[in-house]
1. Translational diffusion coefficient, Stokes-Einstein: compute it for segment 7-193 using the Kirkwood radius over C-alpha pairs as Rh, at 4 °C and 1.567 mPa s, and state it as an integer in µm² s⁻¹.
2. Just grab the label-to-label distance for TYR272 and ALA199, each label 7 Å out from Cα along the Cβ direction, in nm (one decimal).
3. Treating segment 144-201 as a set of equal point scatterers at the Cα positions, no solvent, please give the Debye-formula log₁₀ I(q)/I(0) at q = 0.16, 0.19, 0.24 Å⁻¹.
4. For the chain, what proportion of DSSP beta bridges, expressed in % and rounded to the nearest 5, is antiparallel?
5. If I take R0 = 41 Å and measure r between the Cβ atoms of ASP309 and VAL94 in this structure, what FRET efficiency does the formula 1/(1 + (r/R0)^6) give, to the nearest 0.05?
6. So how much slack lies between THR302 and ASP72, counting 0.36 nm per residue of separation and subtracting their Cα-Cα distance, in nm?
7. Specify the inter-centroid distance of segment 178-236 and segment 115-132, based on alpha-carbon positions, in whole Å.
8. Whole angstrom only: what separates the Cα centroid of segment 62-94 from the Cα centroid of segment 240-280?
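Taken together, the values in this text are just the output of simple stated rules run on the coordinates, not laboratory data. Every value quoted in this text rests on a predicted model; they were computed, and no experiment measured them. Don't worry about glycine lacking a Cβ; one is built from the backbone with ideal geometry, like all the others, and counts go over all protein chains shown.
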Amino acid sequence: MNDMSHPIALLGSEVAAGLIGHEELVERLLIALLASGHVLIEGPPGIAKTRAVKRLAACLPGSHARIQCTPDLLPSDLTGTQVFRPETGGFDFVPGPLFHALVLVDEINRAPPKVQSALLEAMAEGQVTSSGVTRPLPDPFMVVATQNPIEHEGTFPLPEAQMDRFLLHLSLGLPPLAEQERAILDLVAAERIAPPALASVPLTADTLHEAKAEAARVHLAPALKDFIVRLVMASRPGGAVAQWVEHPISPRGTLALAAAAQARAWLRARDYALPEDVIALAPDALAHRLIPSWTAIGEGRTGRSLVADIMRAIEPW
Ligand SMILES: Nc1ncnc2c1ncn2[C@@H]1O[C@H](COP(=O)(O)OP(=O)(O)OP(=O)(O)O)[C@@H](O)[C@H]1O
Ligand SMILES: [Mg+2]
């Protein structure tokens with residue numbers, strides 16, 4: 001069970017300490033960490049997406065790497081390459097940046113499709129294949145990708161089918177309050193004078209492993225499992241929003257929502273999940289898996305608005 005002195009709680013406070021607002025973002029990063037899932041963060045430029053993930057990386061045990069995506073990136077830039085060693089006359093495999101516990105993939109929609117698919121194979125299967133050899137990635141292995149939705153030139157939208165590989169898709173906006181904008185200014189101005197030191201978080205790989213195991217044991221009552229299933233089924237043929245849906249939510253979506261709800265309950269020091277956990281996470285866990293039909297798009301409906309319709313139509317009990 002978690003409490004405020006648990007290393008995961010300390011990790012959350014340390015990441016949040018360097019961010020103004022974004023409490024939800026930090027909580028969701030912890031949820032994904034506990035549920036062994038990957039996260040896609042979408043939002044306009046300059047709102048601390050990269051900053052948040054860099055702080056998380058700096059506080060986590062295990063190694064991390066950052067990949068800045070560009071259109072000329074090659075799959076081997078991620079997976080690694082065979083390098084010729086004249087001393088031995090043979091080839092050695094030099095692992096690429098994917099071989100780290102936490103991988104920040106910045107501007108994923110700038111990477112060309114072959115790179116995206118190498119990355120998504122890594123995310124779904126925990127392994128990479130290069131030069132015909134398949135190699136396992138570290139465990140845990142977590143990808144946090146960012147993308148900026150306002151840019152279209154020179155970008156490659158992620159294939160819809162592959163969006164499914166992200167446990168959560170977070171959509172961030174600009175700081176809503178002038179006070180927050182001012183606090184960001186004060187914070188960054190102070191950092192320019194004295195670069196801040198991150199407090200060390202006493203989180204070890206073993207503690208993280210143990211916390212994940214506890215989160216997986218959080219009780220999901222049968223009625224709550226049914227609630228999750230009914231939400232997902234609302235997108236399938238015959239369901240409440242089916243008429244607007246081109247591709248309904250997959251079983252991976254059901255599993256994602258359940259695991260995320262358990263992790264949220266664990267973070268709130270409960271050993272059982274509640275409908276509020278499911279309701280809070282349904283948009284981030286489901287909306288990116290539901291592809292609206294052209295008619296729906298023409299009427300201004302989106303994955304998120306359809307999930308909101310589902311939440312209105314389906315009652316927890
Ligand atoms: N909420 C915030 N809290 C703290 N700093 C912030 C916040 N929002 C913006 N900043 C500051 O704004 C700058 C931009 O942040 P960052 O580079 O992380 O943005 P980004 O969202 O990754 O942008 P891009 O999409 O262009 O990569 C940094 O100096 C960061 O410290
Ligand atoms: Mg960035």
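1. Working: Rh = 17.7 Å.
Estimated diffusion coefficient is 73 µm²/s.
2. Once both label points are built, they end up 3.3 nm from each other.
3. -0.86, -0.93, -1.01
4. Working: 12 of 30 bridges.
Approximately 40 percent, going by the DSSP bridge assignments.
5. Numbers: r = 50 Å, r/R0 = 1.21.
The formula returns an efficiency of 0.25 here.
6. Numbers: separation 230, 0.36 × 230 = 82.80 nm, distance 3.10 nm.
Taking THR302 through ASP72 to full extension adds about 79.7 nm, to one decimal.
7. 26 Å
8. Using only Cα atoms to place each centre, the spacing works out to 37 Å.
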